[in-house]
Structure formats: structure tokens, C-alpha cells
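Take a look at the structure set out below.
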Amino acid sequence: QVQLVESGGGSVQAGGSLRLSCAVSGPTFSSYAMGWFRRPPGKEREFVAAISWSSDSTRYADSVKGRFTISRDNAQNTVYLQMNSLKPEDTAVYYCNPGRSDSTTPYYGMNYWGKGTLVTVSS
């Protein structure tokens with residue numbers, strides 16, 4: 001079974017930065033894309049970013065383009081999300097997600113989720 005452990009969340013002032021990490025175990029990490037999703041308070045999960053296995057392709061939601069950067073270290077089975085210039089609307093629980101393929105355009109994820117990590121941005 002796929003195991004996902006997100007970390008790195010916390011509370012930050014608007015304009016600040018955080019770096020999220022996701023440790024992954026299971027058969028999909030070696031060759032498939034990975035994504036980040038988030039669930040704002042009272043809302044459903046929404047797509048944030050995706051990255052191919054080789055990191056040659058990335059994709060971002062319009063709301064985070066230019067501010068967030070997704071990366072991965074396949075040797076460590078870890079996916080990262082660097083978040084800069086954070087805004088209050090970025091407040092959410094953030095989840096990483098294994099892809100169904102290596103495509104990021106579009107990204108389709110498997111229905112496996114960790115506990116998530118909470119990001120709270122205050123103004």
C-alpha cells in the first residue's frame with residue numbers, strides 16, 4: 001500500500017515562506033508523477049502543483065504560479081513544495097498525492113492520501 005507523510009506546515013505571516021515535504025513509500029513513486037493538493041477550510045481538495053518523475057515537467061494552479069515551486073528527490077522518495085509570498089487564501093491542509101501516470105498535463109492522482117500538513121497564513 002502507498003504511504004504518504006506530509007510535514008513542514010505551520011503558521012506564517014502573509015508574505016512569508018514555508019517548505020513542505022512528503023515522504024512516499026510504495027510502487028508508484030519510482031516512475032510516476034506526484035502532485036500537491038490542498039483543502040481550504042470548508043472546501044474540497046483542490047489541485048496545487050504536479051511534477052513528472054524526471055522533473056522535466058511541472059504544472060501549477062493559476063493561483064500559485066510564480067509563488068510555489070514543486071520538486072522531488074527520487075533517491076529519497078520525497079516530494080517538496082516551496083511556498084513563497086504566502087497569502088491568507090493559501091491557508092489550507094496540504095496533501096501530496098501519487099499520480100496515475102507520469103503525465104502532468106493533466107494530472108490525475110490516485111486516491112491515496114496522508115494526514116496532510118496544516119498551513120495557516122495570517123494577515
Placed amide H near ALA33: partners under 5 Å, 5+ positions off or other chain: TRP53, GLY99, SER101, ASP102, SER103
Total charge dipole magnitude, segment 1-113, about the Cα centre, Cβ charges on Lys, Arg, Asp, Glu only, Debye to nearest 20: 140
Nearest-20 debye value, segment 23-71 charge dipole, Cβ charges on Lys, Arg, Asp, Glu: 200
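Taking every DSSP beta bridge that has both residues in the chain, what percent is antiparallel when rounded to the nearest 5?
Working: 35 of 39 bridges.
Among the beta bridges of the chain, antiparallel pairing accounts for roughly 90 percent.
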For peptides 113-120, 18-25, sequence by mean Cβ density within 10 Å, most packed first: 18-25, 113-120
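Dividing the convex hull volume of the alpha carbon atoms of the chain by its residue count, what do you get in Å³ per residue?
90
Every number here is computed from the coordinates shown, using simple stated rules; none is lab data. Just so it is clear, the model here is predicted, and its values are computed rather than measured. FYI the Cβ positions are ideal-geometry reconstructions off the backbone, even for glycines, and counts take in every protein chain you see.
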